[in-house]
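Contents: one structure, followed by commentary.
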Amino acid sequence: MKKPLIELYGEEYFRKAWSDCVDCWIGMYEKEGGDICTKELSQINCPTLIIHGKKDPLVGIEHAEYLQKHIKNSRLISFMIYEDCFISSQPST
């Protein structure tokens with residue numbers, strides 16, 4: 001999973017960005033007692049599209065379903081992707 005990210009960003013940048021991201025998640029988790037967003041979901045007032053890849057190795061479908069249940073006017077689309085599929089902000093060539 002990390003191979004395409006390293007190829008895209010370079011190993012040094014990827015390692016630092018990943019470390020910073022994990023530190024941020026840990027900080028939020030500790031500050032909020034493990035709840036990083038559920039209190040805010042009821043405050044979302046716009047139509048919301050939740051997209052989930054059925055083979056997502058990091059986030060299970062139960063998380064997307066929870067979001068759909070707790071965000072008013074939301075819609076969940078779950079789709080199949082190839083295991084090595086990577087969504088990027090970089091255009092493909």
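Quick notes on this structure:
- Per the listing GLY53, GLY34, the residue uniquely surrounded by 12 or more Cβ atoms within 10 Å (Cβ to Cβ) and either at pLDDT below 90 or among the β-branched types (Val, Ile, Thr) (or both) is GLY53.
- All told, LEU49 falls short of being hydrophobic (A, V, I, L, M, F, W, C), in contact with a helix residue (DSSP H, G or I) (Cβ under 9 Å, 6 or more places away or on another chain) and within 21 Å of ILE71 (Cα to Cα).
- The listed residue being surrounded by 13 or more Cβ atoms within 10 Å (Cβ to Cβ) and assigned to a helix (DSSP H, G or I), out of GLU65, GLU12, GLU40: GLU65
- Members of region 43-62 found to be without any contact (Cβ under 8 Å) to a residue 40 or more places away in the chain, assigned to a loop (DSSP other than H, G, I, E, B) and not aliphatic (A, V, I, L, M), listed by number: GLN43, ASN45, CYS46, PRO47, LYS54, LYS55, ASP56, GLY60
- Scanning region 36-44 turns up at least one residue that is more than 16 Å from ARG75 (Cβ to Cβ) and of a type in the set (Ser, Thr, Tyr).
- Among the residues of region 15-31, those identified as surrounded by 12 or more Cβ atoms within 10 Å (Cβ to Cβ) and either of a type in the set (Phe, Trp, Tyr) or within 17 Å of the chain's Cα centre (by Cα) (or both) are ALA17, TRP18, MET28, TYR29.
The values are calculated or read from the model by the stated rules, or taken from the named source; none is laboratory data. Note that the coordinates shown come from a computational prediction; the quantities given were computed from them, not determined experimentally. No Cβ is skipped: glycine too gets one built from the backbone with ideal geometry, and neighbour counts run over all protein chains shown.
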